[in-house]
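Asks: Take a look at the following structure, please.
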Amino acid sequence: MKFCAKIDDGQYMREFQNIVLTLAKLAKECVIIIKKDKVHFIANEESGAAAPLVWVEIDAKLYFTNYIMEGHSDDNGCTIVLAVSPIHFSRALSSFKLNARNCKFKLIHLQFPCLRTETEVLSQSSGEPRQIVHDVPVTLIPRNEWDYYDLPQIPRAKLIVKVRSNNLLRGLIDKLKNISPTLIFAANSLGDLNLVAKNEMATITTCFKNLEVQTLDDESQQGENIKVECSVDCKKTSLFFTALQVPTSELTCGIDDDRLIHMEINVRGGVSVHSILPSVCV
């Protein structure tokens, strides 16, 4: 089993660090699925009560100038599956802020498996390059346990809308979590999205107009005003938005009536963050 990769671009390094920081705010442990052409991160606390299911998909050719992996063979080619603490991993990447020029990742075995990060930074005093090395402990998941760590699939949604102001949505939901335990997402194919929070004293509705409707699940209903509505846990939704560290201003929101909401944030082409928020009874 072998894995090594290298990032040379400073912007890509910061984006990668922000992705790991996002996961560190959501889970104590995450799973990394390494394939020939993609790297996936999955954060899903076993209790399921505190944090939503979140996963990240990264096109290996985009971020990594050098990418070599040899793993176990499965139906989809060679794969390596490992578990790591995103908190420890994010600390290993903190040196990216110190005029980092590049970073190498390598799966090694000391007394236990580790993911080594070697970051080349420029010394602030002399300007000479130096290496900062961190060994992050990981757990290699054996082949016979991979079924427990299946990569989540993007669910089908009845209606998908694109919200242009991610920061506005984040601030709004953070305030609404103190008003109601549940948050209702109601949208239609005319481009309207309403966020509704209710309690015994009041009902607060925030309206977004003229949003882009990206796709409809049922093409036979094209041209009709399709309406969807789903209630989700407000604190879990707020936790997802608060945890986001990736620089983005847009997200797509797929809603399926009384079943789930799928959030997708495109960091750039080939890099995306996903979350599934299951419906709750009001």
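Asks: Using the Kirkwood radius built from alpha carbon pairs, what does the Stokes-Einstein equation give as D for the stretch 43-197 at 4 °C and 1.567 mPa s, in µm² per second?
Replies: D = 65 µm²/s.
Asks: Relative contact order (percent) for the chain, with alpha-carbon contacts under 8 angstrom and 6 or more residues of separation?
Replies: Normalised by residue count, the contact order of the chain is 19 percent.
Asks: Please list K36, K177 from largest to smallest accessible area, probe radius 1.4 Å, with all protein chains kept in place.
Replies: I get K36, K177, largest accessible area first.
Asks: Report the FRET efficiency, 1/(1 + (r/R0)^6), for Y149 and K175, where r is their Cβ-Cβ distance and R0 is 30 Å, rounded to 0.05.
Replies: 0.25
Asks: Right, here's the next one. Based on the alpha carbons, how large is the Rg to Rh ratio for the chain when Rh follows Kirkwood?
Replies: Rg/Rh for the chain comes to 1.01.
Asks: Separate question: Just the number, please: carbon plus sulfur as a percent of the accessible area of the chain, 1.4 Å probe, no ligands or DNA/RNA counted.
Replies: The C+S portion of the solvent-accessible surface of the chain is 46 percent.
Asks: So which of K35/K235; K162/K236; K2/K61; K158/K209; K198/K227 end up more than 23 Å apart by C-alpha?
Replies: With Cα atoms farther than 23 Å apart: K35/K235.
Asks: With a ≥ b ≥ c the root eigenvalues of the C-alpha gyration tensor of the stretch 159-278, is it rounded (a/c under 1.5), prolate (a/b larger than b/c) or oblate?
Replies: In terms of gyration-tensor shape, oblate.
Asks: Between R101 and H72, what FRET efficiency follows from the Cβ-Cβ distance if R0 is 41 Å, with the result rounded to 0.05?
Replies: Efficiency for this residue pair is about 0.75.
Asks: Enumerate the calculated ³J(HN,Hα) couplings along the stretch 32-39 in order (Karplus 6.51 cos²θ - 1.76 cosθ + 1.60, θ = phi - 60°), each rounded to whole Hz, writing x wherever the residue is Gly or Pro.
Replies: With coefficients 6.51, -1.76 and 1.60, one gets 10, 10, 9, 10, 4, 10, 9, 10 Hz.
Asks: Rounded to the nearest 20 Debye, what is the dipole magnitude of the chain about its Cα centre when Lys and Arg each give +1 and Asp and Glu each give -1 at the C-beta?
Replies: Rounded to the nearest 20 debye, it is 1020 debye.
Asks: List the residues whose amide H sits under 5 Å from the amide H of Q214, counting only those 5 or more places along or on another chain, with H placed 1.01 Å from N in the peptide plane.
Replies: Residues meeting the criterion, in which the H sits 1.01 Å from N, are I160, V161, K162.
Asks: Something else about it: Just from its helices, what would the mean residue ellipticity at 222 nm be for the chain, if runs of 4 or more DSSP H residues each count -39500 (n - 2.57) and the sum is divided by every residue, rounded to the nearest 500 deg cm²/dmol?
Replies: -5000 deg cm²/dmol
Asks: What distance in nm lies between label points placed 7 Å from Cα along the C-beta direction at A202 and R91?
Replies: The answer from the label model is 4.3 nm.
Asks: Using a/c under 1.5 as the rounded threshold, could you call the stretch 114-176 rounded, prolate or oblate? The axes a ≥ b ≥ c are square roots of the C-alpha gyration tensor eigenvalues, and prolate needs a/b larger than b/c, oblate otherwise.
Replies: oblate
Asks: Here's something else I'd like to know. For M69, what accessible area in Å² do you get when you roll a 1.4 Å probe over the heavy atoms of the protein chains, rounding to the nearest 10?
Replies: Approximately 10 Å² of M69 is accessible to the 1.4 Å probe.
The values are calculated or read from the model by the stated rules, or taken from the named source; none is laboratory data. What you are looking at is a predicted structure, and each value in this text was computed from that prediction instead of being measured. Cβ: placed from backbone, ideal geometry, glycine included. Neighbour counts: every protein chain shown. Note: areas computed on protein heavy atoms with side chains; ligands, DNA, RNA excluded. Shrake-Rupley method; radii C 1.70, N 1.55, O 1.52, S 1.80 Å.
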